[in-house]
Amino acid sequence: MQIQLNGDPFVLDRAMTLTDLIEHLGLSGKRLAIELNLEIVPRSEHSQTFLAEGDRIEIVHAIGGG
């Protein structure tokens, strides 16, 4: 299945949830914001949100500072 990840084509070898994708990318435990098809997905919904062919995902790392 092919999706767009941060503006680039990305191929998934199996069906995945957003949680699966985060783990696959090695981003578990990081502070992230994820947008799926122009909608922010709350962290509480990551494990129930399955990706589909053509989905557009934007992952942004939260950076603290002052």
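The values are calculated or read from the model by the stated rules, or taken from the named source; none is laboratory data. Keep in mind that what you see is a predicted model, and the values were worked out from it rather than measured. Please note: Cβ atoms are built from the backbone with ideal geometry, for glycine as well, and neighbour counts cover all protein chains shown. We work out accessible area using only protein heavy atoms, side chains counted, and drop any ligands, DNA or RNA first. Shrake-Rupley method; radii C 1.70, N 1.55, O 1.52, S 1.80 Å.
Values for this structure:
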{"item": "Most to least accessible of ASP13, ASP20 (protein chains only, probe 1.4 Å)", "result": "ASP13, ASP20"}
{"item": "Computed helical MRE - 222 nm, the chain, DSSP H runs ≥ 4 contributing -39500 (n - 2.57), nearest 500", "result": "-2500 deg cm²/dmol"}
{"item": "3J(HN,Hα) from dihedral phi, the range 12-23, Karplus parametrisation 6.51/-1.76/1.60, rounded to Hz, x for glycine, proline", "result": "9, 8, 7, 5, 9, 8, 4, 4, 4, 5, 4, 5"}
{"item": "Positive dipole terminus of the chain, leading residue within MET1, LEU25, PHE50 (C-beta point charges)", "result": "LEU25"}
{"item": "Accessible area of the chain belonging to carbon and sulfur atoms, whole % at 1.4 Å probe", "result": "51 percent"}
{"item": "Solvent-accessible heavy-atom area per residue, rounded to whole Å², over the range 5-52 at 1.4 Å", "result": "66 Å²"}
{"item": "Ranked order, ASP8, ASP55 - accessible area, probe 1.4 Å, largest first", "result": "ASP8, ASP55"}
{"item": "Assigned charges on the beta-carbon of Lys, Arg, Asp, Glu; the chain dipole about Cα centre (debye)", "result": "260 debye"}
